[in-house]
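Chemist: Structure below; questions to follow.
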Amino acid sequence: MKKGCVISGPDVAYGPLALLSGSFEEKISKAARLGYDGIELMVRDPLVLDWRHIKQTLLSAGLEVPQLVTGELYGADGLCIVTPDEDLYRKTEKRLYSVIDLASYLGAMVNIGRVRGRLDSLGDRSRAWAVAIERLHRLADYAAQKGVKITLEPLNRYETDFILDVTTGLQAIHDIHCENIGLMLDLFHMNIEEPVIEESLRFAGSKVWHIHIADSNRCYPGSGHLDFTDVFKTLSEIGYQGYLSAELFPLPDADTAAQKTIEFLNRMLL
C-alpha cells in the first residue's frame, strides 16, 4: 500500500481538509521530504492551471497523483450533478469534463463525492435516482474515452442523502454499468455509516480503488478512537494495493497533521 495526502491545488484558496502549507511547489517539496508516495490534488477549475508546470513539478519530486479531488467544485463554486437547474448541471458537467481531461494528462483517477448533489433537490426519490445514475453514466463514459477511472465516494448522512455506504455505492456502480467506476472509501465516513468497517471492506472487495484515511474525529490517525489494526489487516486480506491518503482537518496545523499521518502510516505499514 502507498502513502498519500490531499493538498490544495493552485486554484484552491483554501481546502478545509487539505494538508501542508506554502505555495504549490513548497507543498510538493514537503510531501517528498516527508516520504509520501503521492499527493491528491484538490482542484476547482483546471482551465486556469498550468498543466505542464504541475506535471513537471511532480515528476521532479518523484511523486504520483493517484486522484484528483472535486469537493471544492461543490464547496467553493456550488456545482453539483443532481440539481433541478439544467444550466447548473451543464456547467457542472463541463467543469468535470475538464477535471477528467487533467486527470488523463496526469495519469490520475477522479473522485466524485459532494459534487454529486442531493436527491431531495428533485423531489421524487426514484426519479431522482434515475437522473443521478444517467448523469453519472455520462460522466463515466466520457472518462472511459479518456482512459480515466472514476471513484465514487460514499458520504455520511450529514453531507448527502444518497450513496451513504458500501452497499448503496455498489448498487450505484451496478446501475451505472461502466467498467471504469469503483469505490473510494473514507474511513471517517465509514465510521459513521458502516456497522462494521472491516465487513464492509470485505464486501466491497476488488471495487475498493482508493482509501481516504482519518480518525474518528477527522484528525490525523491516532488522535481519535478508530482501531486501525483490523482495518489494515482487512485491506491486506482483500489484496488492496492502492493509496492510503490523508484527507483530514489540518490540525493542529497543516504541516504537523501531515507529519503525524506519515509517522502513523510508517508504523502501520512495516
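Chemist: Suppose we filter 19, 41 for residues that are surrounded by 22 or more Cβ atoms within 10 Å (Cβ to Cβ), in contact with a Cys (Cβ under 6 Å, 6 or more places away or on another chain), of a type in the set (A, V, I, L, M, F, W, C) and at pLDDT 95 or above; which single one remains?
Modeler: The conditions single out 19.
Chemist: I'm trying to understand the selection: among the residues of segment 232-260, which are more than 21 Å from residue 198 (Cβ to Cβ) and in contact (Cβ under 8 Å) with a residue 40 or more places away in the chain?
Modeler: Selection gives 249, 250, 253, 254, 255, 257, 258, 259, 260.
Chemist: Looking at segment 204-224, I want the residues that are over 14 Å from residue 169 (Cα atoms) and have a partner that is of a type in the set (Val, Ile, Thr) and at pLDDT 95 or above with Cβ atoms under 7 Å, at least 6 apart or on another chain. Which pairs are those?
Modeler: Between residues of segment 204-224 that are over 14 Å from residue 169 (Cα atoms) and residues that are of a type in the set (Val, Ile, Thr) and at pLDDT 95 or above, the close pairs are 220/261; 221/213; 221/261.
Chemist: Out of the residues in segment 106-143 that are under 16 Å from the mean Cα position of the chain (by Cα) and among the basic types (Lys, Arg), state the one that is farthest from residue 89 (Cα to Cα).
Modeler: Step by step, filter segment 106-143, then rank; the result is 114.
Chemist: Another one. What number of residues in segment 110-158 are part of a loop (DSSP other than H, G, I, E, B) and either of a type outside the set (Asp, Glu) or at pLDDT 95 or above (or both)?
Modeler: Number of matching residues: 13.
Chemist: Moving on to the next point. Is at least one residue of segment 50-63 out of contact with any Phe, Trp or Tyr (no Cβ under 8 Å at 6 or more places or on another chain), under 22 Å from residue 129 (Cα atoms) and either acidic (Asp, Glu) or without any contact (Cβ under 8 Å) to a residue 24 or more places away in the chain (or both)?
Modeler: no
Chemist: Which residue out of 68, 47, 59 is of a type in the set (A, V, I, L, M, F, W, C) and in a strand (DSSP E or B)?
Modeler: On inspection, the qualifying residue turns out to be 68.
Chemist: So, one more: Please find, among 90, 116, 138, the residue that is more than 23 Å from residue 51 (Cβ to Cβ), among the basic types (Lys, Arg) and surrounded by 19 or more Cβ atoms within 10 Å (Cβ to Cβ).
Modeler: 116
The values are calculated or read from the model by the stated rules, or taken from the named source; none is laboratory data. Bear in mind that the values here come from a model prediction, so they are computed numbers and not experimental data. Because the Cβ atoms are built from the backbone with ideal geometry, glycine has one as well, and the counts that use them run over all protein chains shown.
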